[in-house]
Amino acid sequence: MDLKDLYRDVIVDHNRHPRNFGKLDPADVHADGHNPLCGDRLTVYANLKGEHVTDVKFEGTGCAISVASASLLTEAVKGKTRSEVKELFADVHALLTQHDAAVDPSKLGKLAALSGVREFPARVKCASLCWHTLNAALDRAAEPVTTE
Amino acid sequence: MNAAVTATRSATALDVAAIRRDFPILHQTVNGKPLVYLDNAASSQRPKSVIEAISRYYEHDHANVHRGVHTLSQRATDAYEGARETIRRFINARDTKEIVFVRGTTEAVNLVAQSFLRPGFQPGDEILISALEHHANIVPWQMLREQVGAVLKVIPINEQGIVDFDEFEKLIGPRTRLLALAHVSNALGTIVPVEKFIKVAKQHGVPVLLDGAQAIPHTPVDMQALGCDFYCFSSHKMLGPTGMGVLYGKQALLEKMPPWQGGGDMILSVSFEKTTFNQLPWKFEAGTPHIAGAIGLATAIDYLEKIGMERIAAYEHELLDYATERLSALPGLHIVGTAPEKAAVVSFTLDGIHPHDIGTILDTEGVAIRTGHHCAMPVMDFFKIPATARASMAFYNTREEIDRLVAALEHTRKVLG
């Protein structure tokens, strides 16, 4: 278990300087994610044009893994269609939880930096919170999301 | 003068190296580093004597209690009831009838809520707690709110984590049915001066329950001196097994309370028409109890008494002072909870670094602490923080381990800096 696998430079950078951070106003859809045990709490906003996610932002507080993951998410999903986002979510989920995940790293780009999380099972919920929250926003779910 | 100082020191000093040899679990590496266990407020570790007492019981003496005529059942009963006497003596209760075995502090509080308060409760009656409480001393009363319309009143705390005594005096009143207070805060370590709260409660005729889970492992506790009506604590925070705890209750109150669960062992006779309940304390102990748990807890108490609770408290206080001094010197570190009277708990935040990341990085350095809300979310809300990192010490911890904690925190800053 190497700490550098978890806190890679990309993660540390996105935690310190989260991209697309703040409220999207007006937003077509948004959802809240809350992991009360950790205290991680975030809101993901998105604007849609047809099937495309044209803009996405997030705000909230959390650990380095959850903030960096949300920041990376916003960069990764902008411009993608709903179904492309869902596919990406499935790939990220596999990356976070499966050692033998047959995920093509080139497809994931910077998101591949999250692969170290799977060595720290207690932190998977931190990295996946923003993805479940985005999913809920796209599905226009009313209830807050949790991964605990 | 020097001789006098040495004499005082030797009276309180512990042979920590020898004590550590009694705790097998401490001698291991975690992630390649010697373990530093600083999560004692969540659960302590067990000395060999406790582990061996439990094994010995299962290897030689186990049978069900209170019913068999055979030798093993008699041995098991003697050991189980002997444990009750050990606990009675340890907390200076008047009678073993006042010592009810439960699963832990949480169950003890729930028992009092359902069996003491619920019968005869009038909607609008009040329960008074403080803003320091663990969820175990909040949620059972909220359940009463749903069930019988109880009103929960909360005594505020200040920025130091001290319960506001003046506000308490304003809040207690003719409708107060119970004052339920933490003796020591698990999240901040504040030692609540419960004696003066109990004195005022008595003037109002209000019974008092103390959540002693964090107090009893670290300081002498005397039921006669305290004069509380109920005292709840858990075995696993005081070197004993998990799934075991004690409700102390004044006999006169326990006598009047209906049983809280029905079943075997809590009855004298049963027919389909009528059941006669057993006497105290078995009236509250339905089903086959955690016999090995009681034996393990009594053995843990023997171990604590051999060292002496006064000496444990004094040594832990030295550790607390040292940890407070070392941690305060770290840039960007803020100690949450700065009451003048504290148990050996240091809750803190580090600027720009979430407690969860601190916990993960410390773990890779072999240092075990707790991070999160510590089952005291209202305390976190008061300080407007989502979580803290918490180092909690026991008498088997050392200054060198505090140094390791500090070094690991410096490392944390480097990793995430």
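Comparing B:327, B:253, B:210 in a Gaussian network model of chain B, where Cα atoms under 10 Å apart are tied by springs, the biggest mean-square fluctuation is seen for B:253. Rounded to the nearest 20 debye, the dipole magnitude of the stretch B:50-306 is 440 debye, with +1 charges on Lys and Arg beta carbons, -1 on Asp and Glu beta carbons, and the Cα centre as origin.
Computed from label points 7 Å out along Cα-Cβ, the spacing between residue B:256 and residue B:384 is 4.5 nm.
Estimated from the Cβ-Cβ distance and a Förster radius of 45 angstrom, the FRET efficiency linking residue B:135 and residue B:400 is about 0.85.
Take the Kirkwood radius over Cα pairs of the stretch A:1-144, plug it into Stokes-Einstein at 37 °C and 0.692 mPa s, and you get 220 µm²/s for translational diffusion. Under the definition of Cα pairs under 8 Å and six or more residues apart, what whole-number percent is the relative contact order of chain B? Relative contact order for chain B comes out at 23 percent.
Using the Cβ atoms and a cut-off under 11 Å, what net charge is assigned to the surroundings of residue B:45, where Lys and Arg are +1 and Asp and Glu are -1? Every neighbour counted, the sum reads +2.
The convex hull drawn around the Cα atoms of the stretch A:98-145, when projected onto a plane and averaged over every direction, covers 4.1 nm². Legend: distances between Cα atoms for A:23/A:78; B:48/B:250; A:78/A:110; pairs beyond 22 Å are B:48/B:250. Between the beta carbons of residue B:334 and residue B:60, assuming R0 = 51 Å, the FRET efficiency works out to 0.45 to the nearest 0.05.
Here the stretch B:338-362 is scanned for amide nitrogen atoms under 20 Å from the site 7 Å beyond the Cα of residue B:414 along Cα-to-Cβ, giving B:350-354, B:357-362. Here the Karplus curve 6.51 cos²θ - 1.76 cosθ + 1.60, taken at θ = phi - 60°, turns the phi angles of the stretch B:231-239 into couplings of 9, 10, 8, 10, 5, 6, 8, 10, 6 Hz, with x standing for Gly and Pro. Estimated from helices alone, the mean residue ellipticity of chain A at 222 nm is -12000 deg cm²/dmol (sum of -39500 (n - 2.57) over DSSP H runs with n ≥ 4, per residue). Every Cα-Cα pair in the stretch B:50-306 was counted, and those over 30 Å apart are 28% of them. Of the residues B:278, B:392, A:48, the one whose Cα sits farthest towards the positive end of the charge dipole of the protein assembly as shown is B:278 (charges of +1 on Lys and Arg Cβ, -1 on Asp and Glu Cβ, taken about the Cα centre). Per-residue 3J(HN,Hα) values for the stretch B:29-39, derived from phi via the Karplus relation 6.51 cos²θ - 1.76 cosθ + 1.60 with θ = phi - 60°, read 9, 10, 6, x, 10, x, 4, 10, 9, 10, 10 Hz in sequence order (x marks Gly and Pro). The fraction of all Cα pairs in the protein assembly as shown landing in successive 20 Å bins from 0 to the largest distance is 19, 45, 31, 5, 0, given as whole percents.
Taking amide H as placed 1.01 Å from N in the peptide plane, the amide H of residue B:342 sits under 5 Å from that of B:191, each at least 5 places away or on another chain. Structure remark: mean-square fluctuation, Gaussian network model of chain B, C-alpha springs under 10 Å; the largest value among B:203, B:214, B:114 belongs to B:203. Calculated mean residue ellipticity at 222 nm for chain B: -12000 deg cm²/dmol, from DSSP H runs with n ≥ 4 weighted as -39500 (n - 2.57), summed, divided by the residue count and rounded to 500.
Using the Cβ-Cβ distance between residue B:27 and residue B:341 with R0 = 41 Å, the FRET efficiency computed as 1/(1 + (r/R0)^6) comes to roughly 0.75.
Pull up the DSSP beta bridges for the protein assembly as shown and report the antiparallel fraction as a percent, rounded to 5. Restricted to the protein assembly as shown, the bridges split so that about 70 percent are antiparallel.
Note on residue B:202 and residue B:273: the model spin-label points, each 7 Å out from Cα along the C-beta direction, lie 4.7 nm apart.
Comparing mean-square fluctuations of B:255, B:59, B:98 from a GNM of chain B with C-alpha springs under 10 Å, the top value falls on B:59. Each residue of the stretch B:240-254 was assigned a 3J(HN,Hα) from its phi angle through the Karplus curve 6.51 cos²θ - 1.76 cosθ + 1.60 (θ = phi - 60°); the sequence is x, x, 6, x, 9, x, 9, 10, 8, x, 5, 3, 4, 6, 4 Hz, with glycine and proline shown as x. In this structure, the residue pairs whose Cα-Cα separation is over 26 Å, taken from B:153/B:202; A:4/A:125; B:153/B:283; B:199/B:283, are B:153/B:283; B:199/B:283. Under 1.5 on a/c is rounded, so check that first for the stretch A:12-63, then, if it is not, pick prolate when a/b is larger than b/c and oblate when it is not; a ≥ b ≥ c are the square roots of the alpha carbon gyration tensor eigenvalues. Cα axes put the stretch A:12-63 in the oblate bin.
Once C-alpha pairs closer than 8 Å and six or more residues apart are averaged by separation and normalised to the residue number of the stretch B:135-249, the relative contact order reads 18 percent. For chain B, the membrane-span-like helices by this rule, meaning whole DSSP H stretches whose C-alpha atoms cover at least 15 Å of axis and whose Kyte-Doolittle mean is 0.5 or above, are B:291-307; this says nothing about an actual membrane. Basic side chains Lys and Arg get +1 at the Cβ, acidic Asp and Glu get -1 at the Cβ, and with that the dipole of the stretch B:311-362 about its Cα centre reaches some 60 debye.
Values quoted throughout were computed directly from the atomic coordinates according to the rules given, and no laboratory measurement underlies them. These numbers come from a predicted model, not from an experiment. Heads up, the Cβs are rebuilt from the backbone with ideal geometry, glycines too, and the neighbour counts pull from every protein chain shown.
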